[in-house]
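To keep things clear, I will list the structure first and then write my remarks on it.
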Amino acid sequence: MTSRETILVRGVKKYFGPTRALDGVSFSARAGEIHAIVGGNGCGKSTLAKVVSGILPIDGGTVSILGETPSTPAESRALGISTVYQEVLVADESSVVDNIFMGADRLFSKTLSQERKVARAAELMEELSGEPVDPHALVGTLPLGLKQWITIARALLSEPKILILDESSAALDFDSTERLFARMRALRNRGTTVLIVTHRIAELIRISDRATVLRDGRDVGVLEKAEITERNLLALMTGEDRGTSHAVHTAPQPRTPERAMKARNLAVWPNARSFDFDLRRGEIVGVAGLDGQGQDAFVRVLAGVAPAARGLVQVADRNDGWLPVRTLGEAVKGRIAYVSGDRKREGIFASLSIFENMVMPLYREKKRAGILGIIDRPTLTTIFKREAENLLIKFGAKEDRITSLSGGNQQKVLIGRGFAMRPDVIVLNDPARGIDVGAKTELYKHLRAFAEEGRAVVYMSSEIEEFLGFATRVIVFRDGAPFDAFDGRALETKRVLEAMFGQTSGEGLATAHGLTPKRARTERSGGAPEGDGVRVQVSVPAEIKATLRSGHDGLSPQQVPVERLVATATPKVAMAPKTIRVVEFGAEGQPRSGASR
Ligand SMILES: Nc1ncnc2c1ncn2[C@@H]1O[C@H](COP(=O)(O)OP(=O)(O)OP(=O)(O)O)[C@@H](O)[C@H]1O
């Protein structure tokens, strides 16, 4: 028996000036189901979510939610609709508790004292994020993942009858996504309609009971659970039966040992272990880790966006020299481009146009140095057109404000900006967040070609699958430092995941696909370790030699990879262990077992 329909949308139209965001969409969702809305960037998903939430008036058609037609956010809340919007909407200057109860005062102010609110906020945040969060902390000081949990906690306060999640797992890592899914299943089983919008195809196949596919503002098909496959989704999204999109690719391999960047004695947090890192020309280095393990700080330090706690990052210049990278200015001088997935915080300039947002670094260079004085407006326009076409950016006029674009298209503009700078190194911090499969494929193709031209890529991702057939090597972070590394040619998602949870040996770090590949190779072939041309004589007392030998399988100190020596010699920094709850799900999505580590 199918349960009753809670959302009924018939022939809905919504226009923004000349843009037909929704052009006659019909769809329905039932009580007790997880229903996905799927489609390419700019096809109207977020607009539909906003229409159902009652925050956007429509230009035609009908919307019935639980038999009513809410026309204001307050009406929709009173009906039991809660929405988590794509943009992580938090007030940075307010506390966690105030953010969670924001807008909910009518429901709670009379019944809940401030102490109860604080307690409820603390309880909800610990339950959702898996770690204790100070309810009085200022939200601006928290990482993006926790901000995302605040928006989810806000939506869950009132036990909604309809929960709408627009790209709400985009800022969450693997562990957090599992917790979110468990929540969604529990709500579904209690009769809630859960509506999700996501570009993470593998996730939506796993979690959804039904899926409605949109294309260019119209609904083009509904898939039942058994029909939700990558092939069916892509065929409906693109209108072509292209089969599975998994062309077999091999990750680029560097043709020379030449380095594009090096970091020495680097620490990304004051209390974290320091390490060396080399980036070779012609390679794509994947960087992974559970939320907040230092991988985000690492890529930001490499790109000059954040300062290192210790050590120095350098980039090769075009005259065989090295330039320090301590600031954003130095990074730009060293031709390092940075693409952030957190576009609201460190990406878009909301008051500027799409065009200006893309070519801005070129403008600035032109003004300051005069060196790019040859870049006139027609050339900038050509660059803009090339990047917009390459990345399939969907926009009206290039003079429109960037905020008129759908979230995924805004992200594509940032990626285009990175390439437009014509960098030697491109550092990407979870860049594929919110972009559709078509654009993702284009992005990977571009980055592969970029590396094959002898330039270098550092790519941080919260989706391990992104590294397959793409990353030359993958470095996994834990406790603020590299924990293990893997060869991209034989990458297994399971092994990377195990490393993220601290369940591997860490021996990958000292190998040829580890932190400093060149050193590892020379050591293996028996030659002297090759560093920066500086040889240091170290005399090691006999008893220390013996201890080192016993701890390292009989190898002499010279043979022991440097990372293992550092790991042995550095006192362990006391860090509060993160409790990780691992829940396995059966075919029906019900938890099978749970254990805390
Ligand atoms: N406030 C607005 N002003 C002008 N145009 C808008 C506005 N909001 C959305 N649009 C346009 O409507 C279309 C649909 O946008 P919407 O955000 O619904 O897409 P989406 O499917 O959610 O995309 P994404 O996957 O990138 O988030 C896009 O062409 C977008 O540029």
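The values are calculated or read from the model by the stated rules, or taken from the named source; none is laboratory data. In this text the structure is predicted, and so the values were computed from the model without any measurement. Every residue, glycine as well, gets a Cβ built from its backbone with ideal geometry; the counts of neighbours run over all protein chains shown.
General remarks:
- Criterion: modelled with pLDDT of 80 or more and acidic (Asp, Glu) - qualifying residue of Glu365, Glu389: Glu389
- Annotation: Ile34 fulfils all but one of (1) crowded, with 24+ Cβ neighbours inside 10 Å; (2) modelled with pLDDT under 95; (3) away from the ligand (no atom under 16 Å from the Cβ); the unmet one is (2).
- Contacts under 9 angstrom Cβ, first residue in the stretch 492-519 being more than 23 Å from Asp173 (Cα to Cα), partner of a type in the set (Val, Ile, Thr) and assigned to a loop (DSSP other than H, G, I, E, B), 6 or more apart: Ala510/Thr516; Ala510/Val560; His513/Thr472; Pro517/Thr511
- Qualifying position, being more than 27 Å from Val496 (Cα to Cα), β-branched (Val, Ile, Thr) and either surrounded by 18 or more Cβ atoms within 10 Å (Cβ to Cβ) or in the same structural domain as Ala490 (by TED's automatic domain parsing) (or both), among Ile402, Ile435, Ile415: Ile402
- Just one residue in the set Ile207, Ile196 is within 16 Å of the ligand (Cβ to nearest atom) and under 18 Å from Arg30 (Cβ atoms); that residue is Ile196.
- The residues on offer are Ser28, Ser95, Ser3, and the sole one that is touching a residue at least 40 places away in the same chain (Cβ under 8 Å), over 30 Å from Val118 (Cα atoms) and more than 16 Å from the ligand (Cβ to nearest atom) is Ser3.
- Any hit, the stretch 140-162, residues being closer than 30 Å to Pro18 by Cβ and touching a Leu at 6+ places or on another chain (Cβ under 7 Å): no
- Every listed requirement among (1) in a helix (DSSP H, G or I); (2) away from the ligand (no atom under 13 Å from the Cβ); (3) assigned by TED's automatic domain parsing to the domain that holds Val325; (4) under 30 Å from Ala316 (Cα atoms) is met by Glu465 save one, (4).
- Which listed residue is among the basic types (Lys, Arg) and in the same structural domain as Ala449 (by TED's automatic domain parsing), from Arg215, Arg206, Arg280: Arg280
- Restricting attention to the stretch 415-462, the residues being among the aliphatic types (A, V, I, L, M), farther than 20 Å from Arg335 by Cβ and either under 13 Å from the mean Cα position of the chain (by Cα) or not in a helix (DSSP H, G or I) (or both) number 2.
- The residues on offer are Gly17, Gly42, and the sole one that is within 14 Å of the ligand (Cβ to nearest atom) and crowded, with 20+ Cβ neighbours inside 10 Å is Gly42.
- Taking the stretch 114-160 as the range and being in a loop (DSSP other than H, G, I, E, B) and farther than 20 Å from Thr83 by Cβ as the test, the residues that pass are Gly130, Glu131, Pro132, Val133, Asp134, Pro135, His136, Ala137, Leu142, Pro143.
- Matching residues, the stretch 283-298, being farther than 16 Å from Asp484 by Cα and at pLDDT 95 or above: Glu283, Ile284
- Failed condition for Arg179, given (1) within 16 Å of the ligand (Cβ to nearest atom); (2) touching a Gly at 6+ places or on another chain (Cβ under 8 Å); (3) of a type in the set (Lys, Arg): (1)
- Hey, Ile81 β-branched (Val, Ile, Thr), more than 13 Å from the ligand (Cβ to nearest atom) and in contact with a Gly (Cβ under 8 Å, 6 or more places away or on another chain) or not: yes
- Of all residues in the stretch 432-447, exactly one satisfies the criterion of being within 24 Å of Arg259 (Cα to Cα) and within 16 Å of the ligand (Cβ to nearest atom), namely Leu443.
- Counting the residues of the stretch 477-490 that are surrounded by fewer than 22 Cβ atoms within 10 Å (Cβ to Cβ), among the hydrophobic types (A, V, I, L, M, F, W, C) and either closer than 21 Å to Ala267 by Cα or modelled with pLDDT of 90 or more (or both) gives 0.
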